[in-house]
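The numbers here are math on the coordinates, done by the rules we state, and not lab data. Bear in mind the structure is a predicted one, so any value in this text is a computation, not a measurement. All Cβ positions, even for glycine, are placed from backbone atoms using ideal geometry, and neighbour counts span all protein chains on display.
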Amino acid sequence: MENKKFCKFCGEKIDSDSVVCPKCGRQLETTKKVEDVNRITNQGEEKPKFYTQDWFMWVMLIFVAPVGIFLMWKYNDKMKKNTKIILSIVFAIFFLIFAFGGSSDTTTTDKPSSNNNNDKNAEVNVKKVEVIDFSSMKENEILTWCNENNLICNFEREYSDTVAKDAYINQSVNAGEQVVENTKVTVTYSLGKAPTKGQENAVRKAESYLDTMPFSRNGLIEQLEFEGFTNEEAVYGVDNVIVDWNEQAVKKAKSYLDTMPFSRNGLIEQLEFEGFTHEQAVYGVDQNGL
């Protein structure tokens, strides 16, 4: 039997084992291989299922952990076993927390009624106090009354052009009003008229003198007048500093004894000459052991 074949390009009869057609010069074997490749490509290899892909596995791990864990162990052969174990535990815990973590919120629906009863009982047990008029009472009397009636009373002072110094101005809860126990009630007294600029300066000047040397009240007033302050300013300045005149007498007596000797009576007379009262002078001398 003749071992021949026909060239698919030119149709001439050629040897069956020819790779190149001797008639037309076309490569028969290469063309066959290309056709085989094209045939295979056209048929297509079977694509992997979506649920075997890594991206789908991670989505399931995040949103439906049991499914994701199954897919990871079933289809992900590249991941190490230890990594799979860790991921399985972590995502399983997260899934349980999100799935069952909110169940305890449904156990407190029957309690409001008891709280309402407690609120009503508390309202019944609250004791109210009728506040009285404090305008004619002294501070210690007001404090005593407040303590006896379980109220918190405190005192404030403010300047007033119409109310004399230390006189009553008002109270934060008017007389006759009822308040619950432990309510704070503020009683305000007058500081008198607001000081002038000269009076404020006199206060500061008086404080600066007392920081450097001891003075009697009268002696400090005279010193401020010598500085140019009016008598009204000087008196205001001296009367509005915080000072213990007895202690000033003690310091003045000591300063004299540190510089020269004195008899008891002589030192008392010297302190009185400085403007101290007789009682202040005696106190100052006694405290210095004379």
Could you check the stretch 229-254 and list, in sequence order, the residues that are of a type outside the set (Val, Ile, Thr), part of a helix (DSSP H, G or I) and closer than 18 Å to residue 208 by Cβ? 233, 234, 236, 237, 239, 245, 247, 248, 251, 252
Out of 156, 207, 148, I need the residue that is among the acidic types (Asp, Glu) and surrounded by 13 or more Cβ atoms within 10 Å (Cβ to Cβ). Which one? 207
On the basis of being surrounded by 14 or more Cβ atoms within 10 Å (Cβ to Cβ), over 18 Å from residue 287 (Cβ atoms) and under 56 Å from the mean Cα position of the chain (by Cα), does residue 231 make the cut? no
